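A.B. asks: Take this structure, written in structure tokens, and hold onto it; I'll ask about it next.
The values are calculated or read from the model by the stated rules, or taken from the named source; none is laboratory data. Computed from a prediction, not measured in an experiment: that's the story for all the values here. Here the Cβ is made from the backbone with ideal geometry for all residues, glycine too, and neighbour counts use every protein chain on show. Ligands, DNA and RNA are excluded from the accessible area calculation, which covers all protein heavy atoms including side chains. Shrake-Rupley method; radii C 1.70, N 1.55, O 1.52, S 1.80 Å.
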Amino acid sequence: MPQPVDYVFDLDPESLRERVLSWEMPAYRADQILDWVYGRHVINPLEMNNLSLRDREVLAQRLCFTRGRVVRHQSATDGTQKLLIEWNDARPPTAPNHSLAVVAGQPQTECVMIPAQDTTRSRRTACVSSQVGCPVGCRFCASGLGGLEGNLTAGQIVEQVWRLGMLSDLGRITNVVFMGMGEPLANFDQVARAVRTLMADWALGISGRKITISTVGLPAQIRRLAELDLPVTLAISLHAPNDEVRRRIIPWAEFVTMAQLLEAGRYYFERTGREITLEYVLLHAVNDRPEHARELAQVARELRSNINLIQFNEVPALPYQRPGDAEVRRFRDILAQAGVNVHIRASRGRDIAAACGQLRHEARV
Ligand code: SAH
Ligand code: SF4
């Protein structure tokens with residue numbers, strides 16, 4: 001069986017330099033390779049024409065340039081694009097699993113590129129997965145339906161952003177949100193490493209302020225994240241104004257109370273000075289009543305956080321419904337009148353089931 005080899009998206013310049021020296025290449029090859037991959041989007045070593053032919057051939061044997069293979073690519077009418085990626089072990093490009101055959105049961109995740117234009121600038125947001133499946137199993141979410149199948153490495157997270165950056169001629173990815181499959185703080189070390197690569201000048205150079213980690217809420221990991229002093233935005237998927245409603249839709253709310261979660265959120269805010277966003281997916285007749293909005297306003301004011309209201313994207317086989325537009329606006333108005341900074345998140349890519357976990361779910365049923 002072929003041995004796993006080093007995977008370029010998992011390496012920083014220092015570790016790549018060590019590798020190239022051990023393959024009897026000059027150290028500066030590492031910078032050339034990173035420039036080809038991140039700067040020019042070239043991943044076939046044989047095309048790296050400022051490297052000697054011998055070095056190109058050695059790289060083709062020794063280094064794995066991509067682990068993902070796009071098995072489905074969908075475009076929505078609003079410009080949103082979604083990739084279903086199948087992951088293989090790290091093997092060199094010449095090894096057999098880089099062939100086109102679909103290998104049954106290989107892990108798959110999805111990621112989405114969302115373009116947006118306002119009057120002054122244009123944004124291209126990459127929405128990435130951090131795990132294969134999800135261990136949490138929120139009742140309204142397609143990602144957790146089959147439980148957790150595994151963690152992605154930092155390189156696999158970075159590869160998603162890299163691939164989404166190639167999808168359009170609109171330009172570079174400007175924003176990254178960890179809102180695809182998986183619970184990012186349950187794969188903490190790899191997510192933190194991926195964030196550093198996304199921010200690095202030698203890689204994608206994305207501003208930390210434009211990277212959002214969305215979590216269902218693991219208090220100890222929220223504190224750890226605060227202590228890393230990464231300048232990222234934290235979004236907490238609250239989805240309920242109190243523990244009773246939260247436990248009905250989020251299984252892990254059995255182990256973590258809202259008080260514990262909000263205390264960790266306060267610590268994050270105090271330590272980083274960065275405002276937290278609370279996410280709230282509106283589910284008809286579950287958490288969308290006026291009294292829920294009033295209770296939620298208290299929570300948001302105490303934490304001095306913003307609220308993003310998310311319109312539920314229907315998932316076949318799940319019993320929840322999307323509230324009507326009038327209910328959504330009423331909910332928003334109650335929060336706004338209570339002095340909370342609240343936005344209704346535009347529902348993008350609905351025609352391609354762009355909510356987390358839906359594409360893989362559809363591909364499998
Ligand atoms: N596990 C993390 C990040 C991935 S989920 C978290 O839960 O925050 C990203 C966001 O998508 C979460 O706020 C989640 O609640 C929301 N989401 C999941 N399924 C959805 C659906 N069917 N419609 C709308 N939003 C959904
Ligand atoms: Fe996992 Fe987030 Fe989906 Fe909940 S909403 S199952 S935490 S991905």
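A.B. asks: Where a ≥ b ≥ c are the square roots of the eigenvalues of the C-alpha gyration tensor, would you call the range 1-63 rounded, which needs a/c under 1.5, or, failing that, prolate if a/b is larger than b/c, or oblate?
C.D. replies: Verdict is rounded for the range 1-63.
A.B. asks: Next up: Express the accessible area of the chain per residue in Å², computed with a 1.4 Å probe while the remaining protein chains stay in the model.
C.D. replies: Working: 15770 Å² over 365 residues.
Per-residue accessible area for the chain comes out at 43 Å².
A.B. asks: Relative to the longest principal axis of the C-alpha atoms of the chain, give the angle of the C-alpha long axis of helix 290-303, reported between 0 and 90° and rounded to the nearest 10°.
C.D. replies: Around 60 degrees separate the two axes.
A.B. asks: On a 1.4 Å probe surface of the protein chains, which of Ser52, Ser75, Ser214 comes out largest in accessible area, and what is the full order?
C.D. replies: So, going from the largest accessible area down, we get Ser75, Ser52, Ser214.
A.B. asks: With all protein chains present, calculate the accessible area of Thr125 using a 1.4 Å probe and round the result to the nearest 10 Å².
C.D. replies: Ignoring ligands and nucleic acids, Thr125 comes out at about 20 Å².
A.B. asks: With viscosity set to 1.306 mPa s and temperature to 10 °C, compute the Stokes-Einstein D of the chain, Rh being the Kirkwood radius across alpha carbon pairs; µm²/s, no decimals.
C.D. replies: Details: Rh = 21.5 Å.
D = 74 µm²/s.
A.B. asks: Can I ask one more? Any idea how far the Cα center of the range 23-51 sits from the one of the range 122-171, in Å?
C.D. replies: 26 Å
A.B. asks: Run the helix sum for the chain: -39,500 (n - 2.57) per DSSP H stretch of 4+ residues, divided by residue count, reported at 222 nm to the nearest 500 deg cm²/dmol.
C.D. replies: -9500 deg cm²/dmol
A.B. asks: In addition: Please give the solvent-accessible surface of Val5 in Å², to the nearest 10, using a probe radius of 1.4 Å with every protein chain present.
C.D. replies: 40 Å²
A.B. asks: Which order do you get for Lys210, Lys82 if you rank them by accessible area with a 1.4 Å probe, largest at the top? Can you show the working numbers first?
C.D. replies: Working: Lys210 75, Lys82 0 Å².
The ordering from most to least exposed comes out as Lys210, Lys82.
A.B. asks: Hey, in the GNM for the chain with a 10 angstrom Cα cutoff, which one of Asp229, Asp89, Asp243 fluctuates hardest?
C.D. replies: Comparing Asp229, Asp89, Asp243 in a Gaussian network model of the chain, the most mobile one is Asp229.
A.B. asks: When the chain is treated as a GNM, springs tying every alpha-carbon pair under 10 Å, which of Val342, Val42, Val191 comes out with the largest mean-square fluctuation?
C.D. replies: For the chain, modelled as a Gaussian network with Cα springs under 10 Å, the answer is Val42.
A.B. asks: Let me ask another. Between Trp23 and Val70, what's the calculated FRET efficiency when r is the beta-carbon distance and R0 is 30 Å? Round to 0.05. Before the final figure, lay out the partial values.
C.D. replies: On the way: r = 29 Å, r/R0 = 0.98.
FRET efficiency, Trp23 to Val70: 0.55.
A.B. asks: Rounding to the nearest 20 debye, state how big the charge dipole of the range 6-64 is about its Cα centre with +1 on each Lys and Arg Cβ and -1 on each Asp and Glu Cβ.
C.D. replies: Charge dipole, the range 6-64, about its Cα centre: 180 debye, nearest 20.
A.B. asks: Which angle between 0 and 90 degrees, to the nearest 10, do you get for helix 188-199 versus the longest principal axis of the chain when only C-alpha atoms count?
C.D. replies: Around 70 degrees separate the two axes.
A.B. asks: Using a 1.4 Å probe over the heavy atoms of the protein chains, calculate the carbon and sulfur portion of the accessible area of the chain as a whole percent. Don't jump to the answer; show the numbers that get you there.
C.D. replies: Numbers: 7670 of 15770 Å².
Here it works out to 49 percent.
A.B. asks: Students sometimes get this wrong: rank Met48, Met179, Met166 by accessible area, probe 1.4 Å, all chains present, largest first.
C.D. replies: Putting Met48, Met179, Met166 in descending order of accessible area: Met166, Met179, Met48.
A.B. asks: Additional query: Note down the net charge around Met25, summing +1 for each Lys or Arg and -1 for each Asp or Glu among other residues with Cβ under 13 Å from its Cβ.
C.D. replies: In short, +1.
A.B. asks: Oh, and also: On the full set of protein chains, 1.4 Å probe, figure out the accessible area of Leu21 and give it in Å² to the nearest 10.
C.D. replies: Accessible surface of Leu21 is approximately 100 Å².
A.B. asks: Under a GNM of the chain (C-alpha, springs under 10 Å), which listed residue has the highest mean-square fluctuation: Asn44, Asn313, Asn287?
C.D. replies: Asn44
A.B. asks: Report, in degrees rounded to the nearest 10, the 0 to 90 angle that the Cα long axis of helix 154-165 makes with the longest principal axis of the chain.
C.D. replies: 90 degrees
A.B. asks: Please report how far the C-alpha centroid of the range 186-228 lies from that of the range 239-314, rounded to the nearest whole angstrom.
C.D. replies: Using only Cα atoms to place each centre, the spacing works out to 21 Å.
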